[in-house]
Amino acid sequence: MEERLERLESLVALQDRTMEKLNDQLIEQQQQISDLEQLVIRLAGKIRELDADMEQSGAVDVPPPHYNG
């Protein structure tokens, strides 16, 4: 009976360690997601700025001179 109890205690301890590791990994992944979201927001802003600059400069998609289509 005592051997079974020790085995159960060992399994519970192992599960606790596993849950701590998973929690640490989850926290790390959430930080990575947050960092990537901020990067996407910055990049989207830069693209909007570039689009606005192109519209203000009057840049038009003109085919290159060698294009005969």
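Kindly check whether there is at least one residue in the range 46-58 that is at pLDDT below 85, exposed (fewer than 10 other Cβ atoms within 10 Å of the Cβ) and not in a helix (DSSP H, G or I).
yes
Identify the single condition in (1) modelled with pLDDT under 95; (2) of a type outside the set (A, V, I, L, M); (3) assigned to a helix (DSSP H, G or I) that Tyr67 does not satisfy, given that it satisfies every other one.
Just one mismatch for Tyr67, condition (3).
Only residues that are surrounded by 10 or more Cβ atoms within 10 Å (Cβ to Cβ) and among the basic types (Lys, Arg): list them for the range 4-16, please.
Arg7
The values are calculated or read from the model by the stated rules, or taken from the named source; none is laboratory data. All figures in this text were calculated on a predicted structure; none of them were measured in a lab. Cβ coordinates were reconstructed from backbone atoms using ideal geometry, including for glycine residues, and neighbour counts include every protein chain displayed.
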